[in-house]
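Report on one structure; see the data block that follows.
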Amino acid sequence: MNGKMPHIVQYQGSKRILAPQILQYMPQKFSRLIEPFAGMAAISIATAYENRTNCFWINDLNQPLVNLVKEAVENPKRLVEDYSAVWKEQFSYGEDHVQHFYDVRERFNSGDEKPANMLYLLARCVKGAVRYGKTGNFNQSPDKRRHGTNPKTLEQNVYAIACLLNGKTIFSALDYHDVLEMAKSGDLVYIDPPYQGVTNVRDNRYFAGVPFDEFVQAIEILNRKGVDYLISYDGTCGGKEYGEELPQSLCCKKVMLNAGISSQSLLLGKKSITFEALYVSKGLMPIFNMQPQQLSFLEAMS
Ligand SMILES: C[S@@+](CC[C@H](N)C(=O)[O-])C[C@H]1O[C@@H](n2cnc3c(N)ncnc32)[C@H](O)[C@@H]1O
């Protein structure tokens, strides 16, 4: 699936590479996929590619990001034209093309949040990582070695994504609580909150978005409503654990997915494999012949 799976642009935390493993824990057919933390919607794209459902809800708190995915799905032609215009501008700067990134960033921060500007910033910034300063301004730096995705490559990708998702998808920029509240039995919710550790430890805004206890309470509500879900949460790399494990009281099954060799470990001259946890909700377990995690007597009483 990977080689052919289209994507809009690099995005930190994207589940594009892990998608084939994650989809192994989804039913073959279900009524609607909800992504409350959609980012670049890798799992919606993969699910549509495998034709598991015909109905998608893509949500992310970051409004310009959602506008970008919506534009790719509903208006691919305009996105490609607008992006090509922004992308080509950088060559009129000659050697100083990095200054073009700063100028587009300035335009974006002054209110011109059109999807092509967001896309260009993501395509050229370090690690495809969205970062905001204290005043809410996008303040990530450019990756000086790159010019950003070529418009021709983008064109192929966005038209493929539009084919997969147009007419089947609704978009919103709500806090995940509001989305989970509206989920109902028959939906499958894929939940991928910002990482608790590793990549964003110093970035309080991104990290603090989803406090652990609040998150667990929100999942308990899904359990009570009988809504099926998959959660990407904690993980391990080189024997080191990151992120807090979700409590057994949620009655999920935790499986570890091989996310490949960590680029951070390579920089340190090691070759450590990262494993990312996927929590499978109770309702999905019979499909995969899984047993829930054992609750200890004391936990069961509390
Ligand atoms: C790990 S990324 C998701 C990546 C996505 N699965 C993909 O493949 O591209 C987490 C996303 O959660 C969003 N987010 C952070 N806090 C949120 C909140 N309270 N409600 C909804 N989305 C939130 C971030 O903007 C970010 O795009």
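The values are calculated or read from the model by the stated rules, or taken from the named source; none is laboratory data. Values in this document were obtained by computation on a predicted structure and should not be read as measured data. Note: ideal-geometry Cβ built from the backbone for every residue, glycine included; neighbour counts use all protein chains shown.
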Exercise for the section: Give the residue, chosen from 80, 86, that is more than 9 Å from the ligand (Cβ to nearest atom), surrounded by 15 or more Cβ atoms within 10 Å (Cβ to Cβ), without any contact (Cβ under 8 Å) to a residue 40 or more places away in the chain and of a type outside the set (D, E, K, R). Expected result: 86
Completion exercise
(1) at pLDDT below 95; (2) over 20 Å from residue 230 (Cβ atoms); (3) aliphatic (A, V, I, L, M) all hold for residue 17 apart from (2)
Fill in the blank from the handout: residue 167 passes all but one of the listed conditions (1) closer than 24 Å to residue 217 by Cα; (2) without any contact (Cβ under 8 Å) to a residue 40 or more places away in the chain; (3) of a type outside the set (Phe, Trp, Tyr); the exception is number (1)
Handout entry: Enumeration of residues in segment 171-185 that are within 15 Å of the ligand (Cβ to nearest atom) and touching a residue at least 40 places away in the same chain (Cβ under 8 Å)
Key = 171, 172, 173, 174, 175, 176, 177, 179, 180, 181, 183
Completion exercise
Within segment 136-184, residues being β-branched (Val, Ile, Thr), in contact with a helix residue (DSSP H, G or I) (Cβ under 9 Å, 6 or more places away or on another chain) and not in a helix (DSSP H, G or I) number 2
Problem - Residue check for residue 203: at pLDDT 95 or above and within 20 Å of the chain's Cα centre (by Cα) - result: no
